[in-house]
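One structure is given here, and the rest of the page talks about it.
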Amino acid sequence: MGMTISQKILAVHAGLDHVEAGELVNCQLDVILGNDVTSPVAISEFDRLGYEKVHDQEKIVLVPDHFTPNKDIKSAEQAKILRDFAKKQGLTNYFEIGQMGIEHCLLPEQGLVAPGDLIIGADSHTCTYGALGAFATGVGSTDMAAAMATGEAWFKVPEAIKFVYYGKMPEWVGGKDLILHTIGDIGVDGARYMSMEFTGEAIDSLSIDNRFTMANMAIEAGGKNGIFTPDEIILNYVKNRVKRPYKVYKSDLDAKYLEIREYDVSKLEPVIAFPHLPENTRFVSEATDVEIDQIVIGSCTNGRTEDLKIAASILKGKKVHPEVRVIIFPGTQQIYLEALRNGYIETFVEAGAVVSTPTCGPCLGGHMGILAKGEKALATTNRNFVGRMGHPESEVYLSSPAVAAASAVKGRITPPWEV
Amino acid sequence: MKLTGKVHKFGADIDTDAIIPARYLNTFDPDELAKHCMEDADPLFPEKVQAGDIIVADKNFGCGSSREHAPIAIKGAGVSCVIAKSFARIFYRNSINIGLPILECDEAADAALNGDELIVELETGMITNKRTGEEYQAAPFPEFMQAIIHKGGLINYVKAKKS
Ligand code: SF4
């Protein structure tokens, strides 16, 4: 019996020729990631382990992105723990503000994650790197601590669901709509424990930024990882970024899938997820009566250059609706700079939006745009749980950057073709 | 390792907020967390539970956030093992990592009633219901995971391996 791409990556990192779904294996890791919320706990666990030195100074990546620039004294203390640890251990990949970005935008951009890698991160959206054909998954702080000490982690080899997207993508439909539609179809635990493998002719021509968006939200379907098969688009993206050797894996033709689901993308419209679960999806044309108080464009889901480009193309020469607050978060310093050079930032500011330094900010209700009781936000982020962006009685709707930008102009959820 | 304990039965989709509500997350102390374990699913649980007892639940136990406080609270309450039809992924990992044995077994979960006594053999995955005498086979843990649980969690396991 053949193996899926995810199973192959696990097998190789466990030093085995073959693994079966359900098998538990111990693997060598390529990258171990932590942020300013999860790393302090992991660092104290690491100290408890009694190791002097981390296993590999180059494989650990620490990104203080959630509450930075430090939002208050507590978050300043947390960030300081990372900074001190990185210094003491001589970590190569610690990113201070000024160089940092939202972790899942930053690592691929900096060439720190590569096809064929096995990656864990003490953050549930670590699955984003599956867009490069890596096996990447979120874990808890104890896993991160042990991995920093030993360079290893244990895994249960997952079964897989194959998602096949065919047909021609309509205008204004992108990766965010494909993944929201998929989650709407299978539910928030539809891929629990499983690998989500994204394939099909509509994927073949999908840009890397759109693929990051899709892999990012695998966890919102309960998935262990989301993964794409390395192709020209992926290899071109990593070519001048990744400075170390890497290997490309593909699923065997006789790999076993628990299920294969097919979607005709030509029938899709932009998708909105209604409160309070990402599975509550509707097409945008069925959502136009929802008035919005705040729009957030950014996050590890949709804070990349292509996302800002599409938002700028819609906002160019227009004004934000007077009753809407629009906050835009470029994912990294590099993305910020590109947006600046391409004139997107000017467009945003002229339209009446605010543009922030890279940070997780309001995505997790952290800072820089918290909602009051009863307020509604439309966000390009990935979670719309109760209270996610502020008051427990506020609401979050999820959409693509195109819909978010169009809605910014109209003050209610709006299809991009209406502005 | 052989465990014997009394069953506390729960339904499907018990989330991490039900296991340990967010309002108690300002501590890592297992004893403190144990005082509120399963509180939002069964307010009397912290009083009723005795050392060695076993939680039996339906599907998707531990869904929701990645907080390690959830398995810590259950372990802190003295629960020796959780048997469910299925577990949410990060809860599963975190449980093993902090040394809380958890087993997936549809039949055992269906058949067990509140108050039944179960015998669980972690090496083989064999579950015996003392009341009915029936036996159920859950997937046994491989050796290295048994070793993690045996040592009381990943941190102790790695420590022992080092020395
Ligand atoms: S942007 Fe939001 S989802 Fe992404 S890592 Fe930050 S808080 Fe998490």
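Data table
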{"quantity": "Test: residue in segment B:64-75 that is in a strand (DSSP E or B) and more than 14 Å from chain A (Cβ to nearest Cβ)", "calculated": "no"}
{"quantity": "Of all residues in segment A:374-419 being part of a loop (DSSP other than H, G, I, E, B) and of a type in the set (V, I, T), the one that is farthest from the ligand (Cβ to nearest atom)", "calculated": "A:V419"}
{"quantity": "Filtered residues of segment B:43-62 (kept if modelled with pLDDT under 90, farther than 23 Å from A:G34 by Cβ and open to solvent by less than 60 Å² (accessible area, probe 1.4 Å))", "calculated": "B:N60"}
{"quantity": "Positions within segment A:77-98 being of a type in the set (G, A, S) and open to solvent by less than 30 Å² (accessible area, probe 1.4 Å), in sequence order", "calculated": "A:A79, A:A86"}
{"quantity": "Test result for A:I73, among the β-branched types (V, I, T) and either crowded, with 24+ Cβ neighbours inside 10 Å or within 16 Å of the ligand (Cβ to nearest atom) (or both)", "calculated": "no"}
{"quantity": "Which numbered condition B:L113 fails, given (1) among the aliphatic types (A, V, I, L, M); (2) under 15 Å from the mean Cα position of the chain (by Cα); (3) closer than 23 Å to B:Q137 by Cα", "calculated": "(2)"}
{"quantity": "Pick from segment A:288-313, criterion open to solvent by 10 Å² or more (accessible area, probe 1.4 Å), away from the ligand (no atom under 15 Å from the Cβ) and among the hydrophobic types (A, V, I, L, M, F, W, C), ranking: farthest from the chain's Cα centre (by Cα)", "calculated": "A:V290"}
{"quantity": "Failed item, numbered, when A:D84 is tested on (1) over 15 Å from the mean Cα position of the chain (by Cα); (2) within 14 Å of the ligand (Cβ to nearest atom)", "calculated": "(2)"}
{"quantity": "Any hit, segment A:99-120, residues being open to solvent by 10 Å² or more (accessible area, probe 1.4 Å) and within 14 Å of the ligand (Cβ to nearest atom)", "calculated": "no"}
{"quantity": "Total residues in segment A:108-131, condition more than 14 Å from every other protein chain (Cβ to nearest Cβ) and assigned to a helix (DSSP H, G or I)", "calculated": "6"}
{"quantity": "Number of the condition not met by A:G352 [criteria: (1) in contact (Cβ under 8 Å) with a residue 40 or more places away in the chain; (2) open to solvent by 40 Å² or more (accessible area, probe 1.4 Å)]", "calculated": "(1)"}
{"quantity": "Strands (runs of 3 or more DSSP E) wholly inside segment B:91-163 that include at least 2 residues being open to solvent by less than 50 Å² (accessible area, probe 1.4 Å) and within 14 Å of chain A (Cβ to nearest Cβ)", "calculated": "B:102-104"}
{"quantity": "Sole residue being of a type in the set (A, V, I, L, M) and touching a residue at least 60 places away in the same chain (Cβ under 8 Å), chosen from A:A76, A:A122", "calculated": "A:A122"}
{"quantity": "Test: residue in segment A:140-162 that is within 16 Å of the ligand (Cβ to nearest atom), away from chain B (no Cβ under 14 Å) and assigned to a loop (DSSP other than H, G, I, E, B)", "calculated": "no"}
{"quantity": "Test: residue in segment A:367-383 that is modelled with pLDDT of 95 or more, in contact with a Pro (Cβ under 9 Å, 6 or more places away or on another chain), over 28 Å from A:S285 (Cα atoms) and not acidic (D, E)", "calculated": "no"}
{"quantity": "Residues (in contact with a strand residue (DSSP E or B) (Cβ under 8 Å, 6 or more places away or on another chain) and farther than 27 Å from A:E20 by Cα) located in segment A:233-263", "calculated": "A:Y263"}
{"quantity": "Segment A:163-202 - residue that is assigned to a loop (DSSP other than H, G, I, E, B) and of a type in the set (F, W, Y) and, of those, farthest from the chain's Cα centre (by Cα)", "calculated": "A:W172"}
{"quantity": "Any hit, segment A:359-373, residues being within 17 Å of A:I102 (Cβ to Cβ), assigned to a strand (DSSP E or B), within 12 Å of the ligand (Cβ to nearest atom) and open to solvent by less than 20 Å² (accessible area, probe 1.4 Å)", "calculated": "no"}
{"quantity": "Residues (within 9 Å of chain B (Cβ to nearest Cβ) and over 22 Å from the mean Cα position of the chain (by Cα)) located in segment A:26-39", "calculated": "A:N26"}
{"quantity": "When residues of segment A:43-70 are limited to those that are within 16 Å of the ligand (Cβ to nearest atom) and among the aliphatic types (A, V, I, L, M), the one surrounded by the fewest Cβ atoms within 10 Å (Cβ to Cβ)", "calculated": "A:V61"}
{"quantity": "Residue in segment A:203-218 that is of a type in the set (F, W, Y), outside the structural domain of A:A402 (by TED's automatic domain parsing), touching a helix residue (DSSP H, G or I) at 6+ places or on another chain (Cβ under 8 Å) and not in a helix (DSSP H, G or I) present", "calculated": "no"}
{"quantity": "Members of segment B:21-39 that are modelled with pLDDT under 85 and either in contact with a Ser or Thr (Cβ under 8 Å, 6 or more places away or on another chain) or within 14 Å of chain A (Cβ to nearest Cβ) (or both)", "calculated": "B:P21, B:A22, B:R23, B:L25, B:N26, B:T27, B:F28, B:D29"}
{"quantity": "Pairs with Cβ under 7 Å, 6+ apart, first in segment A:361-372 and more than 14 Å from chain B (Cβ to nearest Cβ), second among the aromatic types (F, W, Y) and near the ligand (Cβ under 9 Å from one of its atoms)", "calculated": "A:G361/A:F329"}
{"quantity": "Which numbered condition A:V139 misses (of (1) under 30 Å from A:Q57 (Cα atoms); (2) open to solvent by less than 10 Å² (accessible area, probe 1.4 Å); (3) touching a residue at least 40 places away in the same chain (Cβ under 8 Å))", "calculated": "(3)"}
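The rows are residues; the columns are (1) more than 11 Å from chain B (Cβ to nearest Cβ); (2) surrounded by 24 or more Cβ atoms within 10 Å (Cβ to Cβ); (3) without any contact (Cβ under 8 Å) to a residue 12 or more places away in the chain.
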site	(1), (2), (3)
A:G133	yes, yes, no
A:I183	yes, yes, no
A:I186	yes, no, no
A:M217	yes, yes, no
A:G223	no, yes, no
A:T229	yes, no, no
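Yes/no per residue for (1) in contact (Cβ under 8 Å) with a residue 40 or more places away in the chain; (2) within 14 Å of another protein chain (Cβ to nearest Cβ):
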| site | (1), (2) |
| --- | --- |
| A:M3 | yes, no |
| A:E20 | yes, yes |
| A:L24 | yes, yes |
| A:V41 | yes, yes |
| A:D47 | no, yes |
| A:V54 | yes, yes |
| A:V61 | yes, no |
| A:G98 | yes, no |
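The values are calculated or read from the model by the stated rules, or taken from the named source; none is laboratory data. Here the structure is a predicted model, which means the values were calculated and not measured. Quick reminder, even Gly has a Cβ in these numbers, built from the backbone with ideal geometry, and neighbours come from all protein chains shown. Calculation scope for accessible area: heavy atoms of the full protein, side chains included, ligands and nucleic acids excluded. Shrake-Rupley method; radii C 1.70, N 1.55, O 1.52, S 1.80 Å.
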